[in-house]
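Here is the structure we will look at.
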Amino acid sequence: MQALILVGGHGTRLRPITLTLPKPIIPLVDRPFLRYMIDWLGRHGVDDIVMACGFRPDDIRAVLGDGVPGGPRLRYVEEPEPLGTAGAIKHAEDLLDDRFFALNGDVLTDLDLTALLDRHDSAGARATLALHPVDDPSAYGLVRRKPDGEITGFLEKPDPAEIDTDEVNAGVYVLEKEILAMVPAGTDFSIER
């Protein structure tokens, strides 16, 4: 199985640390933050990871390299300019298999990716998004959906009167490559919009 990790952001909320060190490789306890995600992906059968880089890609590559023995292979693609979530995935299209995980590079979770993939298969979906309940979705943005699970909309930073669910985007997707035909190349394009 393959995964693409979106690591293009500037980490502005962590400045001044991120002025010289990209958020995905900031040390967390005993290793770079992103190493936790790489290990987690490996435990769920991912053996090839594409890093969609934007900000300071050489620093990320220097710290993570091509992977560790026994772990997933790491490859890199650099965005020429910020392309948004879907635009960055589209930019890496030539490196992607027919089905892959796509993940925000700042996710620290123990989500059961194997169960998410099984749900994707059983639904016959082309795109599956992991959701997570939170007490206050106004800090994250909420995801609206039908009872059968079909997503009907995303609402970023909702006003308290607009909150009608506690589910937010967990930043983890299962995607069939065919959906990238809907994304224009070289354009800032968002999955959430």
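The values are calculated or read from the model by the stated rules, or taken from the named source; none is laboratory data. Predicted model, so just to flag it, every value in this text is computed and none were measured. Here Cβ is always computed from backbone atoms with ideal geometry, including for glycine, and neighbour counts include all displayed protein chains. Surface accessibility is based on the protein's heavy atoms, side chains included, excluding ligands, DNA and RNA. Shrake-Rupley method; radii C 1.70, N 1.55, O 1.52, S 1.80 Å.
For the range 142-155, indicate whether the set of residues that are hydrophobic (A, V, I, L, M, F, W, C), out of contact with any strand residue (DSSP E or B) (no Cβ under 8 Å at 6 or more places or on another chain) and under 23 Å from Val7 (Cα atoms) is non-empty. Checked against the condition, which is being hydrophobic (A, V, I, L, M, F, W, C), out of contact with any strand residue (DSSP E or B) (no Cβ under 8 Å at 6 or more places or on another chain) and under 23 Å from Val7 (Cα atoms), the range 142-155 yields no hits at all. Taking the conditions (1) in contact with a helix residue (DSSP H, G or I) (Cβ under 8 Å, 6 or more places away or on another chain); (2) surrounded by 16 or more Cβ atoms within 10 Å (Cβ to Cβ) in turn, Leu131 satisfies each one other than (1). Residues of the range 141-152 that are in a loop (DSSP other than H, G, I, E, B), closer than 12 Å to Thr165 by Cα and under 20 Å from the mean Cα position of the chain (by Cα): Gly141 alone. Against the definition (among the hydrophobic types (A, V, I, L, M, F, W, C), at pLDDT 90 or above and farther than 21 Å from Ile191 by Cβ), how does Leu28 come out, yes or no? Criteria not met by Leu28. Listed by position, the strands (runs of 3 or more DSSP E) enclosed by the range 66-140 that each have at least 2 residues that are within 13 Å of Glu176 (Cα to Cα) and not β-branched (Val, Ile, Thr) are 99-104, 127-133.
Taking the range 134-149, which residues are modelled with pLDDT of 85 or more and loosely packed, with under 10 Cβ neighbours inside 10 Å? Selection gives Asp135, Lys146, Pro147. Taken over the range 25-60, the criterion of being in contact (Cβ under 8 Å) with a residue 40 or more places away in the chain, closer than 15 Å to Thr109 by Cβ and open to solvent by less than 30 Å² (accessible area, probe 1.4 Å) is satisfied by Leu34, Met37, Trp40, Leu41, Val46. Taking each residue of the range 61-78 that is within 21 Å of Gly45 (Cβ to Cβ) and looking for partners that are small (Gly, Ala, Ser) and open to solvent by less than 40 Å² (accessible area, probe 1.4 Å) with beta-carbon atoms closer than 6 Å, six or more apart or interchain, yields Gly71/Gly42; Pro72/Gly42; Arg73/Gly67; Leu74/Gly67. Annotation: of all residues in the range 72-87 being within 21 Å of Val174 (Cβ to Cβ) and at pLDDT below 90, the one that is farthest from the chain's Cα centre (by Cα) is Leu83.
Do we have any residue at all in the range 102-116 that's more than 18 Å from Met37 (Cα to Cα) and either surrounded by 13 or more Cβ atoms within 10 Å (Cβ to Cβ) or in contact with a strand residue (DSSP E or B) (Cβ under 8 Å, 6 or more places away or on another chain) (or both)? Lay out the reasoning, then the answer.
So the first thing to find is which residues in the range 102-116 are more than 18 Å from Met37 (Cα to Cα), and the list is none.
Looking through the range 102-116, none of the residues is more than 18 Å from Met37 (Cα to Cα) and either surrounded by 13 or more Cβ atoms within 10 Å (Cβ to Cβ) or in contact with a strand residue (DSSP E or B) (Cβ under 8 Å, 6 or more places away or on another chain) (or both).
Could you check, for the range 150-164, whether at least one of its residues is farther than 16 Å from Asn104 by Cα, open to solvent by less than 40 Å² (accessible area, probe 1.4 Å) and touching a residue at least 24 places away in the same chain (Cβ under 8 Å)? Within the range 150-164, none of the residues are farther than 16 Å from Asn104 by Cα, open to solvent by less than 40 Å² (accessible area, probe 1.4 Å) and touching a residue at least 24 places away in the same chain (Cβ under 8 Å). Can you find a residue that is in contact (Cβ under 8 Å) with a residue 40 or more places away in the chain, part of a loop (DSSP other than H, G, I, E, B), open to solvent by less than 50 Å² (accessible area, probe 1.4 Å) and under 22 Å from Gly45 (Cβ atoms) anywhere in the range 170-179? Looking through the range 170-179, none of the residues is in contact (Cβ under 8 Å) with a residue 40 or more places away in the chain, part of a loop (DSSP other than H, G, I, E, B), open to solvent by less than 50 Å² (accessible area, probe 1.4 Å) and under 22 Å from Gly45 (Cβ atoms).
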